[in-house]
């Protein structure tokens, strides 16, 4: 009798654990239904003292080398000064399975930029080394700048 009771408790614990895991997967997908504009409103307020200029989605796709048809929305800010690597890119993809492809394109650009600035602009190279490239569900975030961490924190809160 006691052995059967323990077996019942085991099954209840396993079932509870399974329910917990399913709920965690459902509620922590990291995706967002918000538009790119809604996500970037608090982010752009934190942009550096050096003004960043908003670019179009096709300009972002060309700069980073990703397929624009994979995206639902793109917001890209860059510094007009060629000697300043500060940038912010937020891409919301149609299907979150496409996010790694966008992330790879961004990482490739960061690596190329780092190679360009490595020998003649060590301060900019250092910023590129500290850049943030992250995927949160159906959204890819990238920022290079002196306050990249603060910008990323604002982005996470906006999700």
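The values are calculated or read from the model by the stated rules, or taken from the named source; none is laboratory data. Just so we're clear, the structure is a prediction, and the values are computed from it rather than from any experiment. Every residue, glycine as well, gets a Cβ built from its backbone with ideal geometry; the counts of neighbours run over all protein chains shown.
Here is how the numbers come out for the structure above:
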| read-out | value |
| --- | --- |
| Some residue of region 96-105 being under 20 Å from residue 53 (Cβ atoms) and surrounded by 17 or more Cβ atoms within 10 Å (Cβ to Cβ) | no |
| Scope region 95-107; condition in contact (Cβ under 8 Å) with a residue 40 or more places away in the chain and within 14 Å of residue 144 (Cβ to Cβ); matching residues | 106 |
| Strands (runs of 3 or more DSSP E) contained entirely in region 32-141, each with at least 1 residues that are at pLDDT 90 or above and in contact with a helix residue (DSSP H, G or I) (Cβ under 7 Å, 6 or more places away or on another chain) | 71-79, 87-93, 132-136 |
